[in-house]
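The values are calculated or read from the model by the stated rules, or taken from the named source; none is laboratory data. Small disclaimer: the values here were computed from a predicted structure and weren't measured. All Cβ positions, glycine included, derive from the backbone under ideal geometry; neighbour counts span all protein chains shown. Areas reflect the complete protein model, heavy atoms only, side chains present, ligands, DNA and RNA absent. Shrake-Rupley method; radii C 1.70, N 1.55, O 1.52, S 1.80 Å.
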Amino acid sequence: MTPVPGSTSAESPVPNTAPFESVDEVVETLREQGYIADTRLATTVFLLTRLDKPLLLEGPAGVGKTELAKMLALATGRRLLRLQCYEGQDETKALYEWDYGKQLMYTQILREKIGQVVEDAPDLASAVDRIGSQESVFFSERFLAPRPLLEAIRSEQPCVLLIDEVDRADEALEAVLLETLGEYQISVPEVGTFLAKHRPYVLLTSNNTRDLAAALKRRCLHLFLDYPSAQRELEIVRSKKTGLADQLAEELVGVVRGLRELELRKAPSISETIDWARTLAVLGVEELNSQVLSDTVSVVVKYDKDVRKALDAIPNLVDPNAVVTEPGHGHGHGHGHGHDGDHSHDADHAPDAGPGRRPGDGPDDGDVDGRARRAAKDQPGRHADGYGNKAAAGRSAPPLRSVTPGQGARSFGARKRPI
């Protein structure tokens, strides 16, 4: 397949002007755009711009992978093109589609012209051949609807291509990406091969919901982006000018980091930390306490079970020395004891010390043998008005009926079945 006229060859693309002279310049330029990058991340971005290789960013959701692509576009003055991946996505949604409606409209408009082309054809085969020779008119770039990948390759100006959450797409899309990421070209069977005039900066993000193909990773620079250190996260929160006092922001970052250590279905992201700081600033909070954090924890925790875990943990996160009264111990008694199997109960407990007992209930007889207690209660007539004991309730009891031997035999004896 030959290159499309006007495109450059894959071996000699138009060279990109390097936007950064050093790693330190990457750090400073991104900081000016509001993105706080450490040296490791800045080094990877610097190599992305110098080696013309795609960058695959993997890590948990909400650590700034997508935001990096946006800030890189702003820092370099490039246009941002984004392909959002999802399950079931095919190549037509990523590469290109034919605008069939436009083709049909042109066909209707040019009907008379088509008639002139075939009017003197001697037979049907000749008419088909004449129309076939003109099919390139209807399968040309005029009717090609580019999607983000093709648009990035065809772009007349340098751009940043973000392929977001590539792990959510099917594996078939990864195969489609290999040509684009390896040679910066896209083949359209009806037209030809489009070669990039300006190689885009390509960033792929993955939340690690599945493993990506080795062939895809081989074509990319790789960086695992995890949650930042406490100091850098605090710096990020302060850079967003949330309105929260610096001391409260520092305490809030500590609480969020504590929540991330819980076994939550979704850990709080950096953007949610920023949202929580803004929420507290809007409420005019001047001191962090368990109550205000519990009332607003849904800003960063989004699942019901996670909320319950967070509410239990917040008091200790605010004050590590706080004593939290736990509900039900599960033993049914409050006597001090160890868990080494020795559950001894001394007889000299205070009379009203047992849990669940009210003052005046009398001494705790927990040391009395259970069988003796049941025997003492097993007295005739103890049920005043129950189990048919009407005599105890002041009413005459019905006479006892005698059972004859014949009745007993009929009730319980074995009956002989006829043979």
**Message:** Please list, by residue number, every one of the trypsin sites (Lys or Arg not before Pro) in segment 182-248 that is coil in DSSP and has at most 13 other beta-carbon atoms within 10 Å.
**Reply:** R210, K241
**Request:** Could you work out the Rg to Rh ratio of segment 232-271, with Rh taken as the Kirkwood radius (inverse of the mean 1/r over all Cα pairs)?
**Result:** 1.00
**Asked** When ligands, DNA and RNA are left out and all protein chains stay put, how many square angstrom of accessible area per residue does segment 132-233 have with a 1.4 Å probe?
**Response** 42
**Prompt:** Of the GluC sites (Glu not before Pro) in segment 58-99, which ones lie in a loop per DSSP and count no more than 16 other C-beta atoms within 10 Å?
**Reply:** E87
**Prompt:** What residues have an amide H closer than 5 Å to that of R79, excluding those fewer than 5 places away on the same chain, when H is modeled at 1.01 Å from N in the peptide plane?
**Reply:** V160
**Message:** Can you give me the convex hull volume of the Cα atoms of segment 181-239, divided per residue and expressed in Å³?
**Reply:** 164
**Request:** Arrange the residues Y303, Y201 by how much accessible surface each exposes, largest first, with a 1.4 angstrom probe.
**Result:** Y303, Y201
**Request:** Of the listed pairs K65/K197; K65/K93; K65/K305; K70/K217; K217/K266; K70/K240, which have alpha-carbon separations greater than 20 Å here?
**Result:** K65/K197; K65/K93; K65/K305; K70/K217; K217/K266
